[in-house]
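Input: a single structure, listed below in structure tokens.
Rule-based calculations on the coordinates, nothing more; no lab input. Bear in mind that the values here come from a model prediction, so they are computed numbers and not experimental data. Neighbour counts are summed over all protein chains in view; Cβ atoms, including those assigned to glycine, are modelled from backbone coordinates with ideal geometry.
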Amino acid sequence: MSASDLDLLIRGVRLASGEQVEIGVQDGLIAAIGASVAPAAAHELDGQGLLALPGGVDPHVHFNEPGPRPPRPVGSPPSSRCR
């Protein structure tokens with residue numbers, strides 16, 4: 001892969017396995033992961049001290065279970081304090 005192909009190159013990032021790699025990004029998607037992906041890219045980041053985890057997502061969600069709250073009457077708190 002040539003340097004002109006990559007939009008972003010993250011150098012020295014550590015995988016969960018402990019292996020230190022480079023991650024090449026092209027058009028917003030990971031294009032390559034390896035020990036030496038490319039000599040350069042349009043933009044480069046130093047990944048020292050960072051950990052790349054596959055499928056990492058934010059687990060903070062709101063399911064509204066056991067269901068949505070019923071609407072409050074107009075005169076009930078806190079809407080009764082708003083004038």
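Here are some notes:
- Environment charge of Asp7, counting only residues whose C-beta is closer than 13 Å and scoring Lys/Arg +1, Asp/Glu -1: -3
- Electrostatic bookkeeping for Leu29 treats Lys and Arg as +1 and Asp and Glu as -1; over the other residues with beta carbon under 15 Å from its beta carbon, the sum is -3.
- Val13 long-range amide H proximity, modeled H, under 5 Å: Val21, Ile23, Gly47
- Once the gyration tensor of the Cα atoms in the range 1-48 is diagonalised, the equivalent ellipsoid follows with semi-axes of 17, 10, 9 Å, ordered largest first.
- Between the residues Ala35, Leu45, Leu6, the greatest Cα displacement towards the positive end of the dipole of the range 1-48, with unit charges on the Cβ of Lys, Arg, Asp and Glu, is found for Ala35.
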